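One structure is given here, and the rest of the page talks about it.
What follows is calculated from the coordinates using simple rules that are stated; it is not laboratory data. On a predicted model such as this, the values are computed, not experimentally measured, just so you know. Cβ: placed from backbone, ideal geometry, glycine included. Neighbour counts: every protein chain shown.
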């Protein structure tokens with residue numbers, strides 16, 4: 001895929017490709033392409049399906065530990081069979097559809113949600129040679145597909161014929177569209193500076209070493225760091241994760257758009273949430289954390305897909321950590337945070353990236369000035385906007401009633 | 001600055017996550033069916049009948065079927081039938097005993113009034129709480145065989161209260177013995193006179209275990 005790889009191709013690096021070619025090499029050309037595509041699909045579904053199962057367990061275990069309790073520990077050793085037990089339980093549950101629901105939309109909503117979440121996996125480069133579909137505009141495709149989830153959630157809320165579902169769907173629209181903007185603006189600088197919309201191209205652009213050992217990942221530049229943070233906050237909101245889980249706010253809206261779903265369809269929603277979270281984390285790794293690149297030149301003997309997995313899992317654990325820590329925002333706080341804080345910051349970040357790009361050729365000592373100016377461009381708006389955002393709100397003081 | 005509070009919060013949860021693996025103070029969950037939290041001594045749930053001897057619980061019940069607890073019980077969950085005959089109690093003295101002593105634990109509200117009013121320290125509050133059954137009528141109606149538990153059990157659940165009760169009973173016993181001795185001496189001194197003050201058997205309810213030899 002990425003032809004100009006300067007690193008020696010080791011056996012483990014080539015192993016997935018060789019295995020596939022050994023399986024399908026004898027087929028004539030159009031059939032070979034088709035079978036290869038099917039193998040890629042099955043692999044993605046299997047790997048991320050298992051990751052989903054492991055993630056639900058890890059999440060419950062970690063949340064438990066944070067809350068001074070052991071988490072699930074009744075099924076199998078250390079509760080390792082919990083995902084299987086959950087699966088059996090939910091699959092055998094009755095699937096209840098409300099009488100007044102729009103049956104077709106009610107059925108389609110989880111399907112479309114899950115489909116759009118899975119489609120996003122197609123363009124992420126999992127390794128040097130591991131990408132299912134290598135498109136020219138794969139980043140654009142990724143976020144276009146990701147925007148479909150909004151439609152699916154509104155379908156779920158509307159078709160359920162339930163006031164909580166509808167309220168949640170409206171909230172979800174407000175939230176997801178609000179956060180779509182900072183999400184898109186946060187990765188624009190990456191595309192600007194890499195000069196490509198292809199995910200493999202972006203990874204390749206981060207493949208060099210500064211001073212022979214420091215990785216040229218985007219996150220290690222001032223604009224890249226700001227972009228990464230904005231991206232992750234927006235990704236939290238886009239995947240409906242706590243503290244931005246307003247669409248399914250249990251304490252306010254029963255279960256939001258999930259209220260009228262049960263059994264298998266309910267699981268599909270959860271699967272889509274975790275798939276969406278995983279896909280967005282994978283894209284964050286690709287855009288900002290150097291994709292499958294090793295963090296040090298001396299560590300390049302470890303296969304690229306292992307590095308991708310390590311970074312992906314680290315980000316996913318970060319999602320869980322955040323869920324374990326923060327309480328849910330109010331809807332007005334949520335949208336205000338997006339429009340008054342993240343969007344301006346992301347816009348300023350475009351300018352920072354432009355400055356960083358134009359000043360790349362500054363000679364010797366001026367590089368320090370360049371760094372200082374860029375850091376100031378990132379930190380200054382953050383402090384100023386943050387002060388305005390929390391003006392009159394914090395620190396809170398409490399007084400007893402007289 | 002915006003965000004410092006968030007970082008502090010993240011640090012708190014991270015400390016708790018790591019601490020739960022090595023710090024008992026951060027991992028306080030007791031896994032109930034296997035491990036049981038130690039109950040405080042004053043915990044009370046359902047009364048039981050104290051018997052002096054674990055080998056013969058029915059023969060050595062402290063209860064003499066005076067029925068005070070039955071009359072005092074606010075939800076009226078105690079049912080007692082006096083025996084027609086008398087049996088020697090733990091001290092060898094002939095006493096009426098409860099032929100039937102039943103407590104309906106589905107009615108009992110654990111108010112401890114039966115314990116407060118018992119002049120014989122015969123009924124005490126238990127520490128049991130796992131009494132779920134499949135039959136809410138018969139199996140929650142405990143008879144005297146199920147209610148009787150030895151004094152050693154009482155010591156094991158409430159060491160302080162049991163020691164205090166034992167000391168009081170022993171002191172009362174000793175005082176009664178001395179009184180009986182004095183009475184016997186007085187009787188011996190006034191031998192020729194007709195037997196005047198000898199109604200030893202009927203005892204006031206406030207006075208525990210009458211003297212025995």
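Worth pointing out:
- Mean Cβ count within 10 Å, highest first, over the residues of peptides B:120-129, B:103-112: B:120-129, B:103-112
- Helix axis angle, B:4-22 relative to chain B longest principal axis, alpha carbon, degrees: 50
- An oblate overall shape is assigned to segment A:44-202, the ratio a/c of its alpha-carbon gyration tensor axes (a ≥ b ≥ c) being 1.5 or greater and a/b not exceeding b/c.
- Average partner coverage of B:6-16, which counts Cβ from other chains inside 10 Å: 4
- Counting other Cβ atoms within 10 Å as a rough exposure proxy, the listed residues A:103, A:161, B:22 run B:22, A:103, A:161 from fewest neighbours to most.
- Relative contact order, whole percent, for segment B:63-164 stands at 25, derived from Cα pairs under 8 Å and 6 or more residues apart.
- Principal-axis tilt of helix B:159-189 within chain B, Cα atoms, nearest 10 degrees: 10
- Cβ neighbours within 10 Å from other chains - mean over A:317-329: 3
- Separation of segment A:302-316 from segment A:199-276 is 16 Å, based on Cα centroids.
- Between the beta carbons of residue A:148 and residue B:2, assuming R0 = 30 Å, the FRET efficiency works out to 0.40 to the nearest 0.05.
- Shape class of chain A from the Cα gyration tensor (axes a ≥ b ≥ c, square roots of the eigenvalues): oblate, since a/c reaches 1.5 or more and a/b does not exceed b/c.
- Look at B:34, A:300, B:81 and count the other Cβ atoms within 10 Å of each Cβ; fewest to most, that gives B:34, B:81, A:300.
- Centroid-to-centroid separation of segment A:325-402 and segment B:1-49 [C-alpha atoms, Å]: 37
- For chain B, the relative contact order works out to 21 percent when only alpha carbon pairs closer than 8 Å and six or more residues apart are counted.
- Virtual spin-label span in nm between residue B:30 and residue A:372, 7 Å along Cα→Cβ: 6.2
- Taking packing as the residue-averaged number of other Cβ atoms within 10 angstrom, the listed peptides A:276-284, A:94-102, B:8-16 run from highest to lowest as A:276-284, B:8-16, A:94-102.
- Per-residue mean of C-beta atoms belonging to partner chains within 10 Å, peptide A:78-87: 0
- Put in order of Cβ neighbour count within 10 Å, fewest first, the listed residues A:390, A:138 become A:390, A:138.
- Contact order normalised by residue count of chain A, Cα under 8 Å, 6+ apart, percent: 20
- DSSP beta bridges in the protein assembly as shown [antiparallel fraction, %, rounded to 5]: 85
- Here the simple spin-label model places points 7 Å from the Cα toward Cβ, and for residue B:167 and residue A:97 these points are separated by 7.7 nm.
- For chain B, a/c is not less than 1.5, where a ≥ b ≥ c are the root eigenvalues of the C-alpha gyration tensor, and a/b tops b/c. That puts it in the prolate class.
- Value of [θ]222 nm, deg cm²/dmol, for the protein assembly as shown, DSSP H segments ≥ 4, -39500 (n - 2.57) each, nearest 500: -17500 deg cm²/dmol
- If you take the Cα centroid of segment B:101-141 and the Cα centroid of segment A:77-137, the two points sit 54 Å apart.
- For peptides B:175-184, A:181-190, sequence by mean Cβ density within 10 Å, most packed first: A:181-190, B:175-184
- Length added when fully stretched, residue A:379-residue A:181, from 0.36 nm per residue minus Cα-Cα: 69.2 nm
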